[in-house]
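Asker: Structure in structure tokens, see below.
The values are calculated or read from the model by the stated rules, or taken from the named source; none is laboratory data. It should be emphasised that the depicted structure is a prediction, and the values quoted were computed from it without experimental measurement. Ideal geometry is used to build each Cβ from the backbone, glycine not excepted, and the neighbour counts take in all protein chains shown. Heavy atoms of the whole protein, side chains included, go into the accessibility calculation; ligands, DNA and RNA do not. Shrake-Rupley method; radii C 1.70, N 1.55, O 1.52, S 1.80 Å.
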Amino acid sequence: MDKLLIEGGRRLSGEVAISGAKNAALPILCASLLSAEPLQLRNVPRLRDVATMLRLLEQMGVQVRREGDCEVVLDSRNLDTPIAPYDMVKTMRASILVLGPLLARHGEARVSLPGGCAIGARPVEQHIRGLQAMGAEIQVEHGYIHARIADGRRRLQGSRIVTDMVTVTGTENLMMAAVLADGETTIENAAREPEVVDLADCLVSMGARISGAGSDRIRIHGVERLHGASHSVMADRIETGTYLCAAAATGGNIRLTRTSASHLDAVVDKLLDAGCEIVAEREAIRLAAPRRLKAVSVRTSPYPAFPTDMQAQFMAVNCVAEGSAVMRETIFENRFMHAVELIRLGADIRIDASNAMVTGVERLQGATVMATDLRASASLVIAGLVAEGETLIDRIYHLDRGYERIEEKLEQLGAVVRRIR
Ligand code: EPU
């Protein structure tokens, strides 16, 4: 299993380009299931999760053609196996995103129920309830969701759906199901995340009729069929935020290109409060950090508030800041796994249910730590970059799920990082 060896204590400086967003690319790849014509996608990041999704789609009969580094063409003309088996879903929960499009285009789907994961139970009953409201017959048996359009009907039926909580992939699944439904669907309490908007933009370029994406009420007027299209995936706001935090924690000075600050207001505000200088350019963002930051409290919430996917990285920043801060996690019930590993590096963190009290220390010390999930791994990388001596991070396959060429990008910013195979 690959490990990452980091020699800490260097300020990050220089320029690096941000990749396409994992959490936009995954649903957009699934959107290819909705049309019999090719979907050409640009700025698709080379990540393990993307490779897993492409394999899953291929297994269903989708033809996948990689063109160059970041371009993929998907052709679902011969889609014949509307099944997402347990083996694939267990390695990537986002596989649930095939459910809505398969049902809408193929009339049936068999998708393994995702289990819990390292950050929480993560049930999918909102996806199921919404599809049922659109006329799907759904049975959950032997660990699989069996869904089909009710007898005698060719299409799902437009419906008004109010989700119990804000769910990102739930909103995306229901939106994809609704684009081919008969009549109008309204999703109330919809997720407002920019990745939902990017998916809606792609669907609209395929001929879907959607309004309100980016607000909490999305209206979809179903159409008979979608056509081929070409779409460029948005920049990854979480990768952007992660490099900003890494530069901030090391007292660095960096410029990130092919991205923007426009989807990162909450994170930028916290970094400004911590004492960083940030300049937003049209397609780039600069950050300069003082030698020592101030600790800043954070509470995670759905977009546009502070993202849960940045909580672990910001905790690493607070670990070496001056003063104390409370980090409150409100989205997932078990998303502090990184804290115990950060403590092994010398951090002062006390966990009380969904609150973590972090008191900044002058310095962390390198040690061997273990990555437990994607964003937890990113926080350990940041801590390793500031720690004295060497930090060895085990199980970095988690990092490869969501950060493209992370060691190369960090080296470009002056870090000393080595992958050990
Ligand atoms: N929830 C339910 N029932 C449902 C759906 C969600 O109880 O039917 C709960 C979840 O358990 C959680 C909350 O609602 O407590 C929000 O979960 P959500 O459904 O929004 O999460 P998700 O769609 O499964 C996506 C991202 C995650 C990100 C969350 C929150 C993708 C592929 N994944 O997950 O990304 O943390 O939204 O913003 O888009 C990551 O990239 O590291 C990652 C975990």
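Asker: What are the lysines whose alpha-carbon lies under 25 Å from the alpha-carbon of K409, with same-chain residues fewer than 8 places away excluded?
Answerer: Candidates past the 8-residue exclusion: K3, K22, K270.
Asker: Could you rank the peptides 58-69, 406-417 by their average count of other C-beta atoms within 10 Å per residue, with the highest value first?
Answerer: Packing proxy ranking, top to bottom: 406-417, 58-69.
Asker: Next question. Determine the dipole magnitude for the range 34-146: charges of +1 sit on the beta-carbon of Lys and Arg, -1 on that of Asp and Glu, nothing else is charged, the reference point is the Cα centre, and the result goes in debye to the nearest 20.
Answerer: Roughly 300 debye for the range 34-146.
Asker: If only Cα atoms are counted, what is the Rg of the range 22-232, and what is its Dmax, in Å?
Answerer: Using the Cα atoms of the range 22-232, the pair Rg, Dmax is 15.3, 45 Å.
Asker: Just how large is the dipole of the chain about the Cα centre, in debye to the nearest 20, putting +1 at every Lys and Arg Cβ and -1 at every Asp and Glu Cβ?
Answerer: Rounded to the nearest 20 debye, it is 160 debye.
Asker: Sticking with this structure for a sec: Once Lys and Arg get +1 and Asp and Glu get -1 on their Cβ, which of L244, V197, S159 lies farthest toward the positive end of the dipole of the range 145-245?
Answerer: S159
Asker: Restricting attention to the range 340-381, which trypsin sites (Lys or Arg not before Pro) occupy a DSSP loop and are surrounded by at most 16 other Cβ atoms within 10 Å?
Answerer: In loop regions of the range 340-381 (DSSP not H, G, I, E or B), the sparsely surrounded trypsin sites (Lys or Arg not before Pro) are R363.
Asker: Please compute, for the alpha-carbon atoms of the range 262-421, the extent along each of the three principal axes and give them in descending order in Å.
Answerer: Projected onto the principal axes, the Cα atoms of the range 262-421 cover 40, 39, 30 Å.
Asker: Please report the carbon-and-sulfur percent of the accessible area for the range 166-308; probe 1.4 Å, protein heavy atoms only, DNA, RNA and ligands left out.
Answerer: 44 percent
Asker: What are the equivalent ellipsoid semi-axes of the chain, built from the alpha-carbon gyration tensor (square roots of five times its eigenvalues), in whole angstrom, biggest first?
Answerer: 38, 21, 20
Asker: To continue, here is another question. In debye, nearest 20: dipole of the range 22-232 around its Cα centre with unit charges on the Cβ of K, R (+) and D, E (-)?
Answerer: 80 debye
Asker: Add +1 for every Lys or Arg and -1 for every Asp or Glu among the other residues with Cβ under 12 Å from the Cβ of M1, and state the total.
Answerer: Taking every other residue near M1 into account, the sum is +1.
Asker: How do the peptides 35-45, 268-278, 97-107 rank, highest first, by the average count of neighbouring beta carbon atoms within 10 Å per residue?
Answerer: Going from most to least packed, we get 97-107, 35-45, 268-278.
Asker: Can you show me the helix-derived [θ] at 222 nm for the chain, built from DSSP H runs with n ≥ 4 at -39,500 (n - 2.57) apiece and divided by the number of residues, rounded to the nearest 500.
Answerer: -9000 deg cm²/dmol
Asker: Something else: What percent does the relative contact order of the range 1-150 come to when contacts are Cα pairs within less than 8 Å and at least six residues apart?
Answerer: It comes to 18 percent, rounded to a whole number.
Asker: Further question: Largest first, what is the accessible-area ranking of H227, H338 with a 1.4 Å probe?
Answerer: The most accessible residue leads, giving H227, H338.
Asker: Here's a follow-up. How would you rank 127-140, 150-163, highest first, on the average number of other Cβ atoms within 10 Å across their residues?
Answerer: Highest-to-lowest ranking by the protection proxy: 127-140, 150-163.
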